[in-house]
Amino acid sequence: MKLKKGINKKKFLLAIFLAVFIIFLVIVLIKTLSSPEASKNLEVTTVPTNIPPAPSPEIEKTIIAPGKTITDILAPYAFTPGRVLEIREATKKIYDLARIPAGKELRLLKINGRFDQIQLDLDAEHYLEINLEDSPPSASIKSYPISKQLILIEGIIKDSLIAAINEAGEQDLLALMLAEIFSWNIDFYVDLRQGDLFRLLVEKKYINGQFSGYGPILAAWFINKNQPYEAYRFQYPDTGKADYFDSGGNSLRKEFLKSPLRYARITSRFSFSRLHPIRKIYRPHYGIDYAAPIGTPVQATAAGVVTLAGWNGAAGRMVKIRHKNAYESMYLHLSSTAPGIKVGARVESGQVIGYVGSSGESTGPHLDYRLLYHGKYVNPLSWKFQPAEPLAKEYLPEYQRQIRTLKTIMYFPLNFYFSR
């Protein structure tokens, strides 16, 4: 018992000693910090508030006129030919100023009387920036700050798809984008009916609050002649490429596009007996005639290899393409072929191969489109084409997860939008 009391007494004395020691350290520390030397060491450096702000640049703006060179544009601002050449050579790896785009804006930024920078708009979202203070000048391509919104749009066909899209407050380009998605199943001139319905979810881009362009269509529904079609965009994680599929992961693509022209009017159909407009005799017409203005782009209806590109008698200037599975397609009466289209050239589905004309035996601008299967002509409008391969199984779980979200958004009210 006495031993226990002795231990407690020692602990009590030790505690008192530690407390006194800690108080002593605190007093010493306070005195040290309050000394003049310590105050000097702890003095906080403040930034003067009377420094004038950097001067704002003066900006000279000019719209590039057709045929003008960079030398022509910079000469009025006292840039010598030697200085312009230096700028061109220094920036060539980033952008070749020898091919400046007409109609775009060029800006010269001046600070303290010296030109400090050149900015050249390249498209709605990008511009070239040249720093003239660097020696030699340096260049980089910059992006404008872009805000994005997902917009849900719907409409009813009364006349044409473009008219319906315009009525919904959108631009022609969106109609072309929508038509391209369903072009394997719907010919948007021949197949459209009054009362057809569509709904789509698209990304719209804005710069400084102004609309600058459309991003991809993420989902689309179309009811044509009471037949519903659906499309959901999926981007492959390994390649970054994107394509459209239905709810089950089936590709919207088929072996051939429904039409070689995006928009055209059919003036003559496939027939085994038609009065020839020039020869005035009845003979088979193994193609589909599409009336369209001269110069309208003609697209290959499927991937393949060009076997003929040039003049071919009554057919005028034409292109013939060999496709897989024993198909061949022909495009007659062209005004010209597209660059790179020659015998042996490989083309992709939807690639422009030529332009509508009236060459050969023709009474006016049109395209005569023909299709052969195992060497025999078939009617392109009624032929049943096989669908493309569906989405690979390894991507299906992620695809199904994504389209569940897209379907939910597609059922929202029309005033839906989501800023990004």
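The values are calculated or read from the model by the stated rules, or taken from the named source; none is laboratory data. Computed from a prediction, not measured in an experiment: that's the story for all the values here. Cβ placement follows ideal geometry from the backbone for every residue including glycine, while neighbour counts extend to all protein chains displayed.
Key figures for this structure:
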quantity: Filter result for the condition that a residue is within 30 Å of GLY249 (Cβ to Cβ), in the same structural domain as ILE321 (by TED's automatic domain parsing) and modelled with pLDDT of 90 or more, over ARG370, ARG401, ARG346; calculated: ARG346
quantity: Number of positions in region 207-238 that are part of a strand (DSSP E or B), closer than 22 Å to MET410 by Cα and touching a residue at least 24 places away in the same chain (Cβ under 8 Å); calculated: 16
quantity: Identity of the residue in region 98-109, modelled with pLDDT of 90 or more and over 22 Å from the mean Cα position of the chain (by Cα), that ends up nearest to ALA65 (Cα to Cα); calculated: LEU106
quantity: In region 72-104, the residues that are surrounded by 15 or more Cβ atoms within 10 Å (Cβ to Cβ) and more than 20 Å from TYR127 (Cβ to Cβ); calculated: ARG83, GLU86
quantity: Which numbered condition HIS366 misses (of (1) farther than 24 Å from ASP191 by Cα; (2) buried (at least 21 other Cβ atoms within 10 Å of the Cβ); (3) not polar (S, T, N, Q)); calculated: (1)
quantity: Test: SER135 is among the hydroxyl-bearing types (Ser, Thr, Tyr), surrounded by fewer than 18 Cβ atoms within 10 Å (Cβ to Cβ) and farther than 30 Å from GLY215 by Cβ; calculated: yes
